[in-house]
Structure formats: C-alpha cells, structure tokens
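Before any comments, here is the structure.
Read-outs: derived from the displayed coordinates by stated rules, not from any lab. Predicted model, so just to flag it, every value in this text is computed and none were measured. Backbone-built Cβ (ideal geometry, glycine too); neighbour counts: all protein chains shown.
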Amino acid sequence: MRDLEDAIQNLQQSVKLTPEGHPVLPSRLNNLGSSYLSLFKRTENTAYIALAIQYLEQAVKYTPEGHSDMPRWLSNLGKLYNQHFFYSQDHNSLKHAIYNFHLAAISETGPLAIRLSAAESWIQLSKSVSCSQSDLISAYDLAIHLLTLLTSFDTMIHHRY
C-alpha cells in the first residue's frame, strides 16, 4: 500500500511539473488515474475512483483530436465510469461509460484491438439498459467491421512471413 501511495505522489509531482500542452501530459494523467483506480480497488473508497475519473477526463481533454492514444484514454475512462456505476448504482455513470466506449469504438485512429474491445463494452452495457434498436445495431455493425479489419491485418501479416 505504501508503494502505491508513493507512486501516486511521484506521478502527481510529474503531472505538476509537466507544462500544459506538452505531448506526454495525457499519458502521465492516464497513469495517475490508473494508479488511483488501483488504490480504489484496494480500499473501495469511492473518493479514489472519483479522482481517477477526474485525471482520465483531463487526459482526454489534453489529447489532440485524431491522436492514436485517444481510443485508449476513452476506453479507460469508460471502464472507470463502469466501475463507479457498479459501486454507486449511479445511472449517470453508466451513461458516461457507454458514451466513452462509443467514442473509443468509433475513433478513426488508434489500435483496432482497443477499438473492438470498446465496441464490445459499448454493446454489453447498451444491452443492460433500454437503448434503441438502431443504436444497438450500429454498435454491432461497427464491431463486425472492426473485427473484419483486425482479422484482415492478421491475415496480411501472416502471409508476409
């Protein structure tokens, strides 16, 4: 526990020393948010998950549109909101989770595997609430499209070797 607290303290210092607009700031904010998530999982203190969400939202805010890390940050933020919903039953958190998974999945940049995973989470959470059939069909359609792209890349790489 002490090591985790020290890591958070060091990450906070790192974020403070990184100027706004610096390209590594979003990554440092993401790492700080992930550390608070680890602290939350150990203590179940909801104040820590609130801090994790706050830092991930800042990571998203400071990441330029079209950046390849954006789907990762959005997906991580979706996971945090989903965790918050699990503990608090706050339906706004569930809506935020679905929204962030949706944004991560529809991103035109970033790793296909992360975008596909976000689409799967978007589908699962949308099925748990009453969402429109057209939204659910859009989510499935995107997941199939991403899966096709992912398997096509794997096939192309396999044939190269």
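Residue by residue through the range 57-66, what is 3J(HN,Hα) from phi via Karplus (6.51 cos²θ - 1.76 cosθ + 1.60, θ = phi - 60°)? Round to whole Hz and write x for glycine and proline.
4, 5, 4, 5, 4, 8, 8, x, 4, x
Would you work out the relative contact order for the chain, in percent, from Cα pairs under 8 angstrom that are 6 or more residues apart? Let's see the in-between values first.
Numbers: 183 pairs, mean separation 23.7, N = 161.
The normalised contact order for the chain reaches 15 percent.
Using a 10 angstrom cutoff on alpha carbons, build the Gaussian network for the chain and name the most mobile of S134, S88, S14.
In the Gaussian network model the winner is S134.
Tell me, what ³J(HN,Hα) does each residue in the range 82-98 have, in order and in whole Hz, if you take phi through Karplus 6.51 cos²θ - 1.76 cosθ + 1.60 with θ = phi - 60° and put x for Gly and Pro?
In residue order, the calculated couplings are 5, 4, 4, 4, 4, 8, 9, 6, 7, 5, 5, 5, 5, 4, 5, 4, 4 Hz.
If we sort 120-128, 18-26, 135-143 on the protection proxy, mean other Cβ atoms within 10 Å, highest first, what's the order?
120-128, 135-143, 18-26
Just subtract the alpha-carbon distance of Q9 and I144 from 0.36 nm times their residue separation and send over the number in nm, one decimal.
That pair, Q9 and I144, stretches by 44.4 nm at full extension.
Using R₀ = 25 Å, calculate the FRET efficiency as 1/(1 + (r/R₀)^6) where r is the Cβ-Cβ separation of Q54 and M1; round to 0.05.
The calculated FRET efficiency here is 0.70.
For a paramagnetic label modelled at 7 Å from the Cα of K16 toward its Cβ, which residues of the range 33-60 fall within the zone defined by backbone nitrogen distances under 11 Å?
Zone members listed by number: none at all.
Based on the Cβ-Cβ distance of A113 and E65, what FRET efficiency does E = 1/(1 + (r/R0)^6) give at R0 = 22 Å, to the nearest 0.05?
On the way: r = 21 Å, r/R0 = 0.96.
It comes out at approximately 0.55.
Which of rounded, prolate, oblate describes the chain, given a ≥ b ≥ c as roots of the alpha-carbon gyration tensor eigenvalues and a/c under 1.5 marking rounded, otherwise prolate only if a/b is larger than b/c?
Because a/c hits 1.5 or more and a/b fails to exceed b/c, the chain counts as oblate.
Whole-Hz Karplus ³J(HN,Hα) for the range 31-45, in order, using 6.51 cos²θ - 1.76 cosθ + 1.60 and θ = phi - 60°, x for Gly and Pro?
Karplus-based 3J(HN,Hα) across the range 31-45 equals 5, 5, x, 5, 5, 5, 4, 4, 5, 4, 4, 7, 10, 6, 7 Hz.
Please give the peptides 96-102, 146-152 ranked by average Cβ packing (other Cβ atoms within 10 Å per residue), highest first, as a rough proxy for protection.
Values: 96-102: 23.3, 146-152: 13.7.
Highest mean packing first, the order is 96-102, 146-152.
Fewest first, what order do D69, D90, D3 take by the number of other Cβ atoms within 10 Å?
D3, D90, D69
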